[in-house]
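FYI, it's all coordinate maths here, none of it is from the lab. All values derive from a computational prediction rather than experimental measurement. Cβ atoms come from the backbone with ideal geometry, glycine included; neighbour counts cover every protein chain shown.
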Amino acid sequence: MLGSGLGYRAELAEEIDRHADRIDWLEVITEHYLFADEARERLRLLARRCPIVPHGVELSIGSDREPDAAYVEALAGLVEEIDAPWFSDHLCFTRTDRVALGLLAPLPRTREVARRLAGKAQRVQQAVGRPFLLENITYYVDLATPLTEAQFIAEVMEHCDCGLLLDLANLDINARNHGFDAIEFLQTIPLERVTQVHLAGGIDGEDMALDTHGEAVPSRVWDLLDELVARTPIQATLIERDTDFPDDFTELLTEIDRARTALTARPAELAGGA
Ligand SMILES: [Fe+2]
């Protein structure tokens, strides 16, 4: 088990150093280190202290074409160099043949798209040589597609042996914006494939909940973590704070502690089998 970690951000670097003993592991943004020698050297030093997981935003596994070979090769090198236990990216596309979108765009949820994506994810996992976790994103426009989000994820998992990074804040926001039941979602996806969790907070806009990853983790998301952990063993949680960093770092440390407590407070029948 990796334990309870924090997303590494430059704004938090000093406090992370100061409180290294309170943080089990760190997740870094892959693209900040892929082709950046200086940053890479700092990452190597960091990796001597605790486990590091690269979390990508630019693989664009949902694009029609195969992932960029140079990117995948560089990713494999990074994963190897820091001995990452796994790596992750998002269930989305971020580029078309001509345009880099600059955002995580949702996919049409059809069986064909799910199967094609699964094939690509499997090939990337094989090329990199470590487990590849796919993360659920938030989306504000829900196209009329045949599969629900949970069914789409289940279909992807059916056709590859990658894992899942379940962002519980994204699940909570999508469930409220699109009117589905988060628990039913948990009952539909293959929970045994969930290796890692993201925990974050958003804000409630006038008409919809907004994913900012810039607020404290709300009680609804903590409740979902309890629901998840009661059903399946999870190897790692991560507090993912991207903006509006608190003046008092203790707030994040308290969240890290709370996640660790939830992670280890599993029912006896699950804890015994893990
Ligand atoms: Fe996330």
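Computed from the alpha carbon atoms alone, the convex hull of the chain holds 131 Å³ per residue.
With both partners inside the chain, how many of the DSSP beta bridges are antiparallel, as a percent to the nearest 5?
15 percent
Positive contributions from Lys and Arg (+1) and negative ones from Asp and Glu (-1), summed over other residues with Cβ under 15 Å from the Cβ of Leu43, come out at -3.
Average 1/r across all pairs of distinct alpha carbons in region 200-262, invert it, and you get the Kirkwood radius: 12.7 Å. Normalised Debye scattering of region 155-274 at q = 0.16 Å⁻¹ gives log10 I(q)/I(0) of -0.79, counting only Cα atoms as equal scatterers and leaving out solvent. For region 36-181, a crude dipole built from +1 on the beta carbon of Lys and Arg and -1 on the beta carbon of Asp and Glu, taken about the Cα centre, is about 60 debye to the nearest 20.
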